[in-house]
Amino acid sequence: MQKSECQRGVQLRNRVTDNCDQRTSSSAQIKQRTTVPQSKSLVSTSSPEPARKLHPRPSDKLNPKTINPFGEQSRAPSAFAAIYSKGGIPCRLVHGSVKHRLQWECPPENLPFDPLLITLAEGLRETKHPYTFVSKEGFRELLLVAGAPEKAVPLLPRLIPVLKAALVHLDDEVFERGLNALVQLSVVVGPSLNDHLKHLLTSVLCKAWEHGAQQKQKVES
């Protein structure tokens with residue numbers, strides 16, 4: 001009787017031991033299965049980063065830290081600035097102690113007005129130095145040469161739209177340069193300008209009214 005009970009106790013302990021070993025092995029397998037996907041997930045999340053650096057997205061080009069689409073470098077130069085930088089204007093600016101002046105490569109009377117006078121008129125819309133001075137002074141000096149009336153009158157149909165663009169400019173200094181150029185041109189060509197004044201008077205009157213309104217607002221404030 002005692003032997004049978006002892007045998008049963010031994011068998012029960014063996015079963016408990018086997019069950020514990022099975023549970024231990026199964027838990028180890030579960031842990032191993034769960035750790036493997038984690039390592040894969042780490043690899044998958046870290047792998048696109050170097051690929052992104054090697055192959056930048058098109059949207060990265062618009063990153064303001066690298067490229068400013070509104071910066072000065074991205075803006076194309078004006079027609080006058082491009083011609084001036086290529087030496088298309090046959091004069092250069094000489095800086096003096098009191099005031100600046102132009103030095104022409106050859107006497108201005110020997111230069112063709114077409115297209116030089118029109119190009120200088122287009123430069124009146126510039127707002128940066130030295131383009132502002134070169135266009136303003138070059139236009140004035142070119143109209144002072146001998147034979148200027150005969151050379152300038154045929155160009156009036158092309159000059160008037162260019163001067164009008166300066167007269168309707170938002171910058172007051174550009175408007176002033178355009179108005180001075182129109183006065184200089186009228187002195188040279190005389191009555192030949194009358195037929196074209198109707199295209200300019202509206203712009204001049206609108207700008208004068210706008211300037212008067214601004215001055216009135218400053219006084220009242």
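The values are calculated or read from the model by the stated rules, or taken from the named source; none is laboratory data. Just so we're clear, the structure is a prediction, and the values are computed from it rather than from any experiment. FYI the Cβ positions are ideal-geometry reconstructions off the backbone, even for glycines, and counts take in every protein chain you see. Please note that ligands, DNA and RNA were not included when accessible areas were found on the heavy atoms of the full protein model with its side chains. Shrake-Rupley method; radii C 1.70, N 1.55, O 1.52, S 1.80 Å.
Tell me whether region 109-129 contains one or more residues that are open to solvent by less than 70 Å² (accessible area, probe 1.4 Å), of a type in the set (Ser, Thr, Tyr), out of contact with any Leu (no Cβ under 7 Å at 6 or more places or on another chain) and at negative phi.
Yes - at least one qualifying residue is present in region 109-129.
Report the residue count in region 167-212 for those that are touching a Gly at 6+ places or on another chain (Cβ under 8 Å) and hydrophobic (A, V, I, L, M, F, W, C).
Residues that pass the stated criteria total 1.
Restricting to region 130-146, name every residue that is assigned to a loop (DSSP other than H, G, I, E, B) and crowded, with 20+ Cβ neighbours inside 10 Å.
Across region 130-146, the qualifying residue is only Leu143.
Which residues, counting only those in region 154-172, are surrounded by fewer than 17 Cβ atoms within 10 Å (Cβ to Cβ) and over 30 Å from Gln214 (Cα atoms)?
Hits for region 154-172 are Pro154, Leu156, Pro157, Arg158.
Across region 173-182, which residue is nearest to His196 (Cα to Cα) among those that are open to solvent by 50 Å² or more (accessible area, probe 1.4 Å) and among the charged types (D, E, K, R)?
Out of the qualifying residues, it is Glu176.
What pairs come up if the first residue lies in region 93-107 and is free of Cβ contacts under 8 Å to residues at least 12 places away in the same chain, the second is assigned to a loop (DSSP other than H, G, I, E, B) and not aliphatic (A, V, I, L, M), and their beta carbons are under 7 Å apart, counting only those six or more places apart or on different chains?
Sorted first by the residue in region 93-107, then by its partner, the pairs are Val94/His100.
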